[in-house]
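Enquirer: First, the structure itself, so that you have it in front of you.
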């Protein structure tokens, strides 16, 4: 059900460009109430010797923030792991000092690039990454045991529907999703929807003819997650969204595909450098040094299998453009296929033959299963 619609510029959502400063490397790639910039972010040399250095514990799992690094905590806890309020998003730098540490917190995870880092909380107040790590993009506190907390654990997005999977929320409770869209002319709008939880799942009906790019999921006064998104069956409009139209006269055009971003400039000399931060769906940020060629064009080669969601272009300490984008050939990320059905075993002639063929059938099933798991 739609509860509100708006075309206002003052859209309630996270700032798309987070100001990540790691040059030429992946610096990142949401839970409850989320915080984006209020927490103090520092470099190791800015903190004293009492700062805790988190340890690398694995790679992140794409999805809601509180699920990205939860496996690191589950490996340490003998009890149920609960994410704690608030989540901290939009971070940068090598160290993180939160304004507050949630009561009962046992561990903190720091997501940096594709990596997850883990530290115990104890009496610590500042948490840093090992030297040479990408910058921190988000931080999440967890408890081992304690009262179960409401959480967003997964979601799927198509042109027609946003489906969220939750835990620790009773049936018939109401969730609210505020979704940002792009139309075919790249005009941004926002709508708010409501849906009830049934069996840990809630489904929001979307317009179908607009491209969803971002959503905030709320339960009462708590924010369960905020996420850049792209529909699995994009584009939802008749044609892909038009490239953004920069207002700064130094930028003529910005063209975006899964494979590259082409920036056409005006009156920027050959050999000058643009500093460009690209945000991807999945809380992933990369900063590129882009050299302007003799034609006034700068090209950024992208990974190809991540969906770009925003861009910031800086030249001589001035921001020339910052805003939401979507590849014309989105989605860029591979959508995992449905698990294949195992082949049916043939009718046996006798018990010995049955045992042999069932063994062969099991082997074929395991083969199919492994192929599917590669997409997870």
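Enquirer: What nm value, rounded to one decimal, do you get for the distance between residue 173 and residue 334 when each label is placed 7 Å out toward the C-beta?
Expert: Distance between the two pseudo-spin positions: 3.6 nm.
Enquirer: Quickly rank 320-330, 162-172, 68-78 as a protection proxy: mean count of other C-beta atoms within 10 Å, highest first.
Expert: Going by the mean number of other Cβ atoms within 10 Å, highest first, we get 320-330, 68-78, 162-172.
Enquirer: Taking square-rooted eigenvalues a ≥ b ≥ c of the alpha carbon gyration tensor, is the range 123-198 rounded, prolate or oblate, where a/c under 1.5 means rounded and, failing that, a/b exceeding b/c means prolate?
Expert: Oblate shape, in that a/c is at least 1.5 and b/c is the bigger or equal ratio.
Enquirer: May I pose another question? Rounded, prolate or oblate: pick one for the range 72-165, where a ≥ b ≥ c are the square roots of the eigenvalues of its C-alpha gyration tensor, a/c under 1.5 means rounded, and failing that, prolate if a/b is larger than b/c, else oblate.
Expert: Cα axes put the range 72-165 in the oblate bin.
Enquirer: Right, something else. Taking the mean number of other Cβ atoms within 10 Å as a proxy for protection, how do you rank 89-102, 294-307 from highest to lowest?
Expert: Order by mean packing, descending: 89-102, 294-307.
Enquirer: Sort 273-279, 203-209 by packing, meaning the average of other beta carbons within 10 Å per residue, with the highest value first.
Expert: Per-residue Cβ counts within 10 Å, averaged per peptide and sorted highest first, yield 273-279, 203-209.
Enquirer: Moving to a separate point now. Distance in nm between label sites at residue 147 and residue 305, each 7 Å beyond Cα in the beta-carbon direction?
Expert: Between residue 147 and residue 305, the simple spin-label model gives 4.2 nm.
Enquirer: Between rounded, prolate and oblate, where does the range 251-324 land on the alpha carbon gyration tensor, with a ≥ b ≥ c its root eigenvalues, rounded for a/c under 1.5, else prolate if a/b exceeds b/c?
Expert: Prolate is the answer for the range 251-324, as a/c is 1.5 or above and a/b outweighs b/c.
Enquirer: Could you compute the FRET efficiency for residue 233 and residue 75, with r as their C-beta to C-beta distance and R0 at 51 Å, rounded to 0.05?
Expert: 0.90
Enquirer: I'd like the distance between the alpha-carbon centres of the range 62-82 and the range 174-233, rounded to an integer number of Å.
Expert: 25
Enquirer: Using 1/(1 + (r/R0)^6) with R0 = 30 angstrom and r between the beta carbons of residue 196 and residue 101, what's the FRET efficiency to the nearest 0.05?
Expert: 0.35
Enquirer: Which length gain, in nm to one decimal place, applies between residue 248 and residue 272 when the Cα-Cα distance is subtracted from 0.36 nm times their residue separation?
Expert: 6.9 nm
Taken together, the values in this text are just the output of simple stated rules run on the coordinates, not laboratory data. Everything numeric in this text was worked out from a predicted model, so none of it was measured. Because the Cβ atoms are built from the backbone with ideal geometry, glycine has one as well, and the counts that use them run over all protein chains shown.
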